[in-house]
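Notes to accompany the following structure.
Just so you know, all these numbers are worked out from the coordinates, no wet-lab data involved. Just so it is clear, the structure is predicted and the values come from calculations on it, not from any experiment. Glycine gets a Cβ as well: all are built from the backbone with ideal geometry, and neighbour counts include every protein chain shown.
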Amino acid sequence: MLALRKLLVCLALGVSSLPLLAGCTAEMGDEDDDEHEEEPVGETSDELRSAVSCKERTDTAYKSGAPYSIQVIHIGGKPVSKATGHAFLRMQAAAHDAGVRLSLTSGFRTMAEQRYLYNCYQTKRCNNGNLAARPGYSNHQNGLALDLSTSSWLSRNASRFGFVRTVPKEPWHYEFRGKDPGGPCSRGATTTVPGDEEARDDGPLPNPINGKIKWVAPSQDATLKNGFTVKSRAYASNIAKVVYSQGTFVFGESTDKDDDFALAYTFKYMGDKTLTVAAYDASDALVSRDNVDFVLQP
């Protein structure tokens with residue numbers, strides 16, 4: 001049935017020759033996708049859109065009913081596998097540089113969540129009775145699938161970052177095909193997605209790097225009230241400026257090395273957060289970077 005559905009999709013797209021047909025079925029979907037979702041609405045706040053929490057949990061993903069383990073983080077409040085999340089953040093940064101506000105609107109789905117949606121589909125008593133795949137067969141359970149805010153930029157550039165469309169009728173649905181490019185949750189060396197080496201000016205560097213800048217406040221795993229001062233200490237004489245960010249959202253910078261680059265800031269959204277401090281020299285070259293995880297309360 002799945003093969004027949006793929007065949008019909010490709011014929012509808014005008015693919016007729018056997019070699020192209022094989023390519024079409026491979027590219028347009030390798031999951032038992034029996035669900036249909038409405039086009040998602042992207043977040044409008046840069047702070048929420050780019051929010052990152054590196055507080056990891058191990059969860060079970062599924063591909064064609066077969067389970068396997070993945071590490072899950074949160075971006076924009078949405079659960080995603082770590083590799084997929086890092087790739088998305090790099091694509092999001094490039095989109096923002098191009099003036100496009102790219103949002104992640106749906107990511108990884110647990111077995112319990114898929115069972116709920118499948119029950120809604122069967123009983124028509126919840127979730128508007130929307131079509132849902134059998135538990136274990138949804139492409140949102142594979143750790144690779146994301147729903148994204150659509151744009152012409154995304155359709156032109158997603159492949160540069162390892163993302164491909166896999167649901168023909170859903171231009172917002174992409175899946176990641178590549179290695180972890182590294183990001184704020186790396187805690188070590190990174191790898192790159194082919195073709196993405198120039199996606200960020202600072203390059204695919206590990207996080208944290210070399211210990212020349214380190215967080216002073218907040219401290220690792222602290223629980224804080226909102227409206228506090230971030231601080232980071234320089235351990236290299238050539239550091240002239242630091243930039244504070246949450247994911248791809250830059251919330252401030254400081255040149256006051258004598259006061260540990262203090263910066264007061266009040267966030268709009270609470271919860272688990274991962275912040276990054278990046279240190280630069282006088283020529284604006286990246287010298288060092290460090291991350292901190294903490295919990296923010298009202």
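The figures follow:
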{"quantity": "Condition check for Ala236: surrounded by fewer than 17 Cβ atoms within 10 Å (Cβ to Cβ) and under 28 Å from Arg101 (Cβ atoms)", "calculated": "no"}
{"quantity": "Candidates Phe261, Phe267 - the one that is in contact (Cβ under 8 Å) with a residue 60 or more places away in the chain and not in a strand (DSSP E or B)", "calculated": "Phe267"}
{"quantity": "Residue match in region 62-80 (condition: in a helix (DSSP H, G or I) and among the aliphatic types (A, V, I, L, M))", "calculated": "no"}
{"quantity": "Enumeration of residues in region 127-158 that are surrounded by 15 or more Cβ atoms within 10 Å (Cβ to Cβ), among the small types (Gly, Ala, Ser) and in a helix (DSSP H, G or I)", "calculated": "Ala158"}
